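Data block below; observations after.
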Amino acid sequence: MLIKAPKGTKDILPSEVYKWQYVEKKISELCSNFGYKEIRLPVFEHTELFQRGVGDTTDIVQKEMYTFMDKGGRSITLRPEGTAGVVRSYIENGMASLAMPIKLYYNITAYRYENVQKGRYREFHQFGVECFGSNGPLVDVEIISMLSMFFERLGIKDVELNINSIGCPKCRGEYNKKLLEFFKPNLDKLCGTCKTRYERNPLRIIDCKEETCKIYTKDAPALVDNLCEDCSKHFEGLKEGLENLGIKYNIDKNIVRGLDYYTKTVFEFVSKNIGAQGTVCGGGRYDGLIEECGGNQTPGIGFAIGIERLLLVMESQGIEIPKAEAIDVYIACIGEQAQKYAQKLVYKIRQEGFSAETDLMGRSVKAQMKYADKLGAVYSLVLGDTEVESNKAVLKNMLTGETKDISLDTLIERLKM
Ligand code: HAM
């Protein structure tokens, strides 16, 4: 029986991989421009990290994690996101002793057991950044400006920036009281999970995806209207900073984000053209997370872009991604002697840093030339006994059709031209 890939996973085939490589190249250029260094982390972590970091009243932790016991009896979870792991690594590797701010970026796979649909998968890819040590709002503005530059560089025009502030534990305490008052009359109409959230973390009710709950959350009081003085000042600073750089934004009072670690600034970049899963990027500040995970109190902020959604946006806008480079030269050959010569020649060409191919399939010359065409070879030449003995061949430019008699010794020099 044919074994298929698990639901919600996708192979990235060679015919598509150039798009990913293109985006990855743009990411590393962007990160280098903004002073972010790459970090590579394990795919799995102790489950407790996500329970504490992401929060055990979130949908991710309650419903979506790939959690299992390993053979040593430890509870392990495939990372549902990148931030918690980066924070763990920051603390474990003593990065607090390095010069602040610490700027890190990652390209990762992440895993969530979600209902699969366009733009929503169970294994997906994220490009994310995390910056530790700065209280902002300067850094909030810098991070958002990094995103707007990234979209600009990719030629993406249809994503909108939505921002909000969800305050700090101080303003949230007061706000939670208001929320409890607000939901009390309809508590019995909320879903089971939200009834527990009412007791443990009422802000999470606002993020519930159940249709019935959405009816009752629609008019709930907004945190941004109930901020303490410090958070309010921070939010003003963020808006001013964005205006200073000419970055357009909307204030969306409903953004609370699906993870518990956020404080103050939260933001999303959304596209209207890729269906229901239009949030291409989500991020925000998390000033309590490092402490929550066992480190010293250190502010942090970051974002993650879903690469699958990013590519959907680019496709919906008809943005052409340059294809991977074609090969430099194809050496077709007739007969055993020519084949041996061709193999040696191709080896030498590759040694010089060019890409070259010759026949490995025992094809006829006609079929070899057809294949060279499929590979998109820039040059080709045909070698038979006469060419090998005389050390001369006809070099064809496959793009223009132009041909030239050359000495085989000069082939590499010609490729360098
Ligand atoms: P998030 O909003 O959960 O935030 O995910 C960020 C992005 O990952 C989303 O905007 C979306 O593009 C993509 N994404 C999420 N789930 C899926 C899925 N099931 N299928 C496809 N794409 C998906 C975070 O993960 C935070 N760690 C971001 C962050 C970093 N905040 C601060 N630092």
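A few notes on this one:
- Selected residue (criterion: surrounded by the fewest Cβ atoms within 10 Å (Cβ to Cβ)) from residues of the stretch 241-269 that are β-branched (Val, Ile, Thr) and closer than 24 Å to Met149 by Cα: Ile251
- Options Lys214, Lys248, Lys218, Lys239; residue that is within 16 Å of Gly136 (Cα to Cα) and either away from the ligand (no atom under 16 Å from the Cβ) or modelled with pLDDT of 95 or more (or both): Lys239
- Test for Ser134: is it in contact with a His (Cβ under 8 Å, 6 or more places away or on another chain), open to solvent by less than 70 Å² (accessible area, probe 1.4 Å) and away from the ligand (no atom under 11 Å from the Cβ): no
- Residue among Phe44, Phe50 that alone is touching a strand residue (DSSP E or B) at 6+ places or on another chain (Cβ under 7 Å), aromatic (Phe, Trp, Tyr) and within 15 Å of the ligand (Cβ to nearest atom): Phe50
- Considering residues of the stretch 270-281 that are near the ligand (Cβ under 10 Å from one of its atoms) and open to solvent by 10 Å² or more (accessible area, probe 1.4 Å) only, the residue modelled with the lowest pLDDT: Gln277
- Residue ID - farthest from Glu210 (Cα to Cα), chosen from residues in the stretch 37-65 that are open to solvent by less than 50 Å² (accessible area, probe 1.4 Å) and under 15 Å from the mean Cα position of the chain (by Cα): Ile39
- Cβ-Cβ distances below 6 Å connect the following pairs, each with a first residue in the stretch 141-161 that is open to solvent by 10 Å² or more (accessible area, probe 1.4 Å), a second residue that is among the aliphatic types (A, V, I, L, M) and part of a loop (DSSP other than H, G, I, E, B), and a separation of six or more residues or different chains: Ser145/Leu245; Ser148/Ile247; Gly155/Ile319.
- Top-ranked residue in the stretch 377-396 [being more than 19 Å from Gln337 (Cβ to Cβ) and open to solvent by 30 Å² or more (accessible area, probe 1.4 Å); ranked as nearest to the chain's Cα centre (by Cα)]: Val378
- Matching option when the condition is at pLDDT below 95, more than 10 Å from the ligand (Cβ to nearest atom) and either on the phi > 0 side of the Ramachandran plot or assigned by TED's automatic domain parsing to the domain that holds Thr298 (or both), among Lys264, Lys253: Lys253
- Scanning the stretch 293-321 for residues that are outside any loop (DSSP other than H, G, I, E, B) and not β-branched (Val, Ile, Thr) yields a total of 13.
- Tally of residues being of a type in the set (Ser, Thr, Tyr) and loosely packed, with under 14 Cβ neighbours inside 10 Å across the stretch 19-36: 1
- Filter result for Arg112 (within 9 Å of the ligand (Cβ to nearest atom) and open to solvent by less than 30 Å² (accessible area, probe 1.4 Å)): no
- Lone qualifier among Tyr371, Tyr347, Tyr341 - being over 30 Å from Val54 (Cα atoms), free of Cβ contacts under 8 Å to residues at least 60 places away in the same chain, loosely packed, with under 14 Cβ neighbours inside 10 Å and aromatic (Phe, Trp, Tyr): Tyr347
- Qualifying residue in the stretch 42-53 (condition: in contact with a Ser or Thr (Cβ under 8 Å, 6 or more places away or on another chain) and at pLDDT below 95): yes
- The set of residues in the stretch 103-123 that are in contact with a Lys or Arg (Cβ under 8 Å, 6 or more places away or on another chain) and under 14 Å from Ile60 (Cα atoms) comprises Ala110, Tyr111, Arg112, Tyr113, Glu114, Tyr121, Arg122, Glu123.
- Looking across the stretch 283-309, the residues that are near the ligand (Cβ under 6 Å from one of its atoms) and open to solvent by 10 Å² or more (accessible area, probe 1.4 Å) come down to Ala304, Gly306, Glu308, Arg309.
- The stretch 78-91, residues that are away from the ligand (no atom under 12 Å from the Cβ) and either buried (at least 23 other Cβ atoms within 10 Å of the Cβ) or not assigned by TED's automatic domain parsing to the domain that holds Ile305 (or both): Tyr90
- Residue selected from the stretch 115-131 under the condition of a type in the set (Lys, Arg) and surrounded by fewer than 19 Cβ atoms within 10 Å (Cβ to Cβ), by the criterion nearest to Ser28 (Cα to Cα): Arg120
The values are calculated or read from the model by the stated rules, or taken from the named source; none is laboratory data. Not measured: the values here are computed from a predicted model. Backbone-built Cβ (ideal geometry, glycine too); neighbour counts: all protein chains shown. These area figures cover heavy atoms from the full protein model, side chains too; ligands, DNA and RNA do not enter into them. Shrake-Rupley method; radii C 1.70, N 1.55, O 1.52, S 1.80 Å.
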